[in-house]
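Taken together, the values in this text are just the output of simple stated rules run on the coordinates, not laboratory data. Not measured: the values here are computed from a predicted model. A quick note on method: Cβ atoms are made from the backbone with ideal geometry, for glycine too, and the neighbour counts reach across all protein chains shown.
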Amino acid sequence: MTESDASLVARARSGDASAFETLIQRHFRGAFLVAMAHLGERSDAEDVCQDAFVRCWERIDDCRDAAKFGAWLLRTVRNTAHNRREYLAVRAVQPLDDADGVASVASPESELDRRELRAVLWNALRQLGDIQREVVLLHDHEGWPHAEVAARLDISELMSRRHLSDARRILRGLLQDDDPRMEAERD
Amino acid sequence: MTDPDRDDRIDLSALGISHDDGQMKRVVGGAMDRIRAMEPRASSPEDTSILTEVARWWYPGLAAAALVAVVAGATVLSGNMRRGRYDDAQVAARLAEWARTGHVPDNGELFATFHGLDR
């Protein structure tokens, strides 16, 4: 039988790192997608997840409801991602002296197409609110039911449905004059 | 039960963020390396452990103690019942004495007075 989050949290609180490892493996996917929803870059999202996991270990005693560890973890990931996004926004306006050469790496045409398509999607996703982006990624990309999305994001199922509906309406509006490459990618 | 929202979902597969076991191992492994390299957690492990254990076993401990008390009480009562009845006159005399003196009996006195009475 799978050990409950509450039991694993109790073990982690007493210093059992392997119990904590099981917890973050269990909730990794949700954490990564929440980080992606805020940052849109895989490597940034991975860094944020790692920082948030370490932070959660340090503050595991602050997790008041051990049965809701997943929601607490995702909240920490969201806050860490938010801070990271602010830091990246500040850094983006500064000159990058050491960036030479990165953009000059040649890419195959298909990879370029994929990148452009990804950029179109991310640009559309960026028009959504943070919580709408989290819900649409967890539901439509990851396939989680509303009950699970609601539990992990600490919102009601009704709000999960509402955010999804709003997000889809906005995305469809933005993507309706779709780049033909999107159709090609789906085929 | 099927989720009607599933039929209407937007295809986001082009984002390139599909499930990746290697990614999870790398990120979780990196975090665990940092965690294991840390000093033991700030609060004293012994103290935390004791507090945690007390918190964890408080309610089950109370429940167990209550169960033991009920079983012990039932055993004592049934044993006394088997030994026979007390004289009703003695009980009545004691009650009258309490009423006369205004004495409020405690649990022990009540238990001793009615001990074994099959009522």
Nearest-0.05 FRET efficiency for A:Asp166 and A:Asp61, computed from C-beta distance (R0 41 Å) = 0.65
Label model pair B:Ala37, A:Asp130: point-to-point distance (7 angstrom along the Cα→beta-carbon line) in nm is 2.9
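Note down the net charge around A:Ala66, summing +1 for each Lys or Arg and -1 for each Asp or Glu among other residues with Cβ under 14 Å from its Cβ. Please report the intermediate quantities before stating the final value.
Working: positive: A:Arg11, A:Arg13, A:Arg26, A:Arg59, A:Arg64, A:Lys68, B:Arg56; negative: A:Glu3, A:Asp5, A:Asp16, A:Asp61, A:Asp62, A:Asp65.
So the environment of A:Ala66 carries a net charge of +1.
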For labels at A:Arg91 and B:Ser18 in the simple 7 Å Cα→Cβ model, what's the distance in nm?
-> 3.0
To the nearest Å, what is the center-to-center distance of segment A:47-65 and segment A:5-37, using C-alpha atoms only?
-> 9
How far apart, in nm, are two points set 7 Å out from the Cα along the Cα-to-Cβ line at B:Thr75 and at B:Ala89?
-> 3.6
Based on other C-beta atoms within 10 Å, arrange A:Phe28, A:Phe69 from fewest to most.
-> A:Phe28, A:Phe69
Summing +1 per Lys or Arg and -1 per Asp or Glu among the other residues with Cβ less than 13 Å from B:Arg94's Cβ gives -3
